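Comments concern the structure below.
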Amino acid sequence: MAISYPAIKAGLTNQKIAIIGLIHKALRDKKSLTLPSLTSYYPETRKHDFCSFEKIYKEATLERALSAFGLSSVAEPEPEMTDSGLCFLEGADRWAETALKGQVEWPDLTCQIIRHLQPSDLLLDFCRLLLQKIKAEGITHAIQLRVENDWQSYAEHVLASFAAPHEEYKPTFLEIIQKAKRTWGNTFTKAYVLSDEGGLPADKETIRAEVLKELGVELFWKSDFLSPSILSSNLISSIIDFEIALALPFFAGNSRSTFACFVSFEKFCRTGRYAKNHYIYNNSGPHLMLRYDNGALMAPEQLKDALFARQPLLEVSPYDREWALTLTAHLAQTGDFISRTQFVMGVPSGHLVIDGSSDPLRSIEGFQLDVNSPLPSLEYRARNKEGRHTPWQPAGSFCGSRGKNAPLTGFSFRIKGPASLTTDCIYAARFSEHSEVIHAKNGEWCTLGNDHNLTAIHLLFRPQKPFGR
């Protein structure tokens, strides 16, 4: 019997999270599933309408992804109903895991669910029509005004209990636009607004007039361009807002909102790359904060951390060897952090990058390279602040220390055997009190001397150029 859950009374992204959980449960339990009905929820009245899944999303597109993972979706009239709340919790856990694993998670189930959760052709037509009108107005920035009445209540009664004391999770609409203006400068004069218009603390004309008068920024809502008949459903309105936020070059939202997080997460799922120019405004300080994660983190202190982005220190070539490897580094103040390449075999993904340089106290104290499939022989060594260095160690060995406050000051990698004749082992690093990226290759020391602690590593393998060129 197929499993499903009763439609839940929640917003768009929370329903997506529950779908993730349902699919993971079906895979784990080795069962087929019936895609649930969806809900158009109205927080102001707590009323809701139900609609079938296929009226909102392309069922065949999602089924293609499920089939690739050995799952099947069946339209069973009376499936076995499971707890929707538990599906949501599992979906939230699987979503959070993608932040820790990074880009290497992209080919796996969670990201591919979201990548293949595509709106119906009719909804996409509405989105394209709206996007044309927005671009004709010269709008390039989308801003989530999460200031609705239901958000104020949630912030006061829930967020207040666990958010950091300095976090600005309940700003006014003027404070949000003011941060955006300070960040994006005087060329920022227009913005597309994402919000539940029915739940705003003031009508949109009042908000628009006040923002234009105080800050010189003109705000536009979807209702300025589309007819009320199209926007009669909160679910459809949310999907339209979501697609516009994905399409515009700049986006800012509240990272405590799953909707804002999913704008970044879904962009990552669709492209396999971290979203650029995505910001949050619930951070402390007068400016927006650029987010470095893939959209699966919610606390400002986490998502501003470049460690999670694993951005290459060196320029990556499309001809670099895509070997399945795991690099683990022990960082002061943090513990072990992992970076993987090609976690799903045959699908290039991920970079062997661990960059803790955004925190001056977070030096690398040790590292280990693990080989996930038969590969050429790899060796590495490290040196400490006293200038002493380890002997060459094979893959699978830990090099350095843990918890001894003994930062490394240099390292080197090399390939052994016949593969060394055709492939270069190239690596780069950052060091404390120095902004420049230092690089070396094929067993050379990568170091700035004993006074500079190692804070970042990038490792890659590149085919050698033919002789005579």
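The values are calculated or read from the model by the stated rules, or taken from the named source; none is laboratory data. Here the structure is a predicted model, which means the values were calculated and not measured. Heads up, the Cβs are rebuilt from the backbone with ideal geometry, glycines too, and the neighbour counts pull from every protein chain shown. Keep in mind that these areas ignore ligands, DNA and RNA; they rest on the heavy atoms of the full protein, side chains included. Shrake-Rupley method; radii C 1.70, N 1.55, O 1.52, S 1.80 Å.
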- Message: I need the full set of residues from the range 432-469 which are part of a strand (DSSP E or B), open to solvent by less than 50 Å² (accessible area, probe 1.4 Å), closer than 22 Å to Trp392 by Cα and in contact (Cβ under 8 Å) with a residue 24 or more places away in the chain, in order please.
- Response: Ala440, Cys446, Thr447, Leu454, Thr455, Ala456, Ile457, His458, Leu459, Leu460, Phe461
- Query: Among the listed residues Leu219, Leu174, which satisfies the condition of being in a helix (DSSP H, G or I) and not small (Gly, Ala, Ser)?
  - Reply: Leu174
- Message: I'm checking my understanding of the structure. Among residues of the range 330-359 that are surrounded by 19 or more Cβ atoms within 10 Å (Cβ to Cβ) and over 19 Å from Glu105 (Cα atoms), which one is nearest to the chain's Cα centre (by Cα)?
- Response: Gly356
- Members of the range 417-431 that are in contact with a strand residue (DSSP E or B) (Cβ under 7 Å, 6 or more places away or on another chain) and exposed (fewer than 14 other Cβ atoms within 10 Å of the Cβ): Gly417, Thr422
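Let's see how each residue does on (1) within 19 Å of Ser339 (Cα to Cα); (2) touching a His at 6+ places or on another chain (Cβ under 9 Å):
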site	(1), (2)
Arg402	yes, yes
Asn405	no, no
Tyr427	yes, yes
Ser432	no, yes
His458	yes, yes
- Those residues of the range 104-155 which are farther than 24 Å from Leu89 by Cβ, free of Cβ contacts under 8 Å to residues at least 40 places away in the same chain and not hydrophobic (A, V, I, L, M, F, W, C) amount to Asp125, Arg128, Gln132, Lys135
- How many residues of the range 400-427 are assigned to a loop (DSSP other than H, G, I, E, B) and of a type in the set (A, V, I, L, M)? The answer is 1
- Item | Which listed residue is open to solvent by less than 60 Å² (accessible area, probe 1.4 Å), of a type in the set (Lys, Arg) and closer than 15 Å to Gly400 by Cβ, from Arg310, Arg362 | Arg362
- Message: Of all residues being in a loop (DSSP other than H, G, I, E, B) and open to solvent by 10 Å² or more (accessible area, probe 1.4 Å) in the range 237-262, which is farthest from Tyr281 (Cα to Cα)? Just the residue, please.
- Response: Pro249
- Message: Against the condition within 30 Å of the chain's Cα centre (by Cα) and open to solvent by less than 60 Å² (accessible area, probe 1.4 Å), how does Leu215 come out, does it pass?
- Response: no
- Task: Quick one: which residue in Leu297, Leu369 is in a strand (DSSP E or B) and either of a type in the set (A, V, I, L, M) or within 25 Å of the chain's Cα centre (by Cα) (or both)?
- Result: Leu369
- Report the residue count in the range 334-387 for those that are within 17 Å of Ala428 (Cα to Cα), in contact with a helix residue (DSSP H, G or I) (Cβ under 8 Å, 6 or more places away or on another chain) and among the small types (Gly, Ala, Ser). 5
- Task: Working only within the range 321-363, note down all residues that are part of a loop (DSSP other than H, G, I, E, B), farther than 18 Å from Ile415 by Cα and among the hydroxyl-bearing types (Ser, Thr, Tyr).
- Result: Thr334, Ser349, Ser357, Ser358, Ser363
- Does Pro391 meet the test of being modelled with pLDDT under 95 and either open to solvent by less than 40 Å² (accessible area, probe 1.4 Å) or not in a strand (DSSP E or B) (or both)? no
- So Tyr292 clears everything in (1) part of a helix (DSSP H, G or I); (2) of a type in the set (Phe, Trp, Tyr); (3) open to solvent by 40 Å² or more (accessible area, probe 1.4 Å) except one condition, right? Which one? (1)
- Message: Looking for something out of contact with any Gly (no Cβ under 8 Å at 6 or more places or on another chain), in contact (Cβ under 8 Å) with a residue 60 or more places away in the chain, in a loop (DSSP other than H, G, I, E, B) and within 18 Å of Ala252 (Cβ to Cβ) - is there at least one such residue anywhere in the range 186-197?
- Response: yes
- Query: Counting only residues that are surrounded by fewer than 24 Cβ atoms within 10 Å (Cβ to Cβ) and either in contact with a Cys (Cβ under 6 Å, 6 or more places away or on another chain) or over 21 Å from Leu109 (Cα atoms) (or both), how many does the range 263-282 have?
  - Reply: 4
- Query: Where in the range 1-75 are there helices (runs of 4 or more DSSP H), lying wholly inside it, with at least 2 residues that are among the hydrophobic types (A, V, I, L, M, F, W, C), open to solvent by 10 Å² or more (accessible area, probe 1.4 Å) and touching a strand residue (DSSP E or B) at 6+ places or on another chain (Cβ under 7 Å)?
  - Reply: none
- Task: Could you tell me which residue of the range 136-172 is nearest to Phe250 (Cα to Cα), considering only residues that are open to solvent by 20 Å² or more (accessible area, probe 1.4 Å) and among the β-branched types (Val, Ile, Thr)?
- Result: Thr140
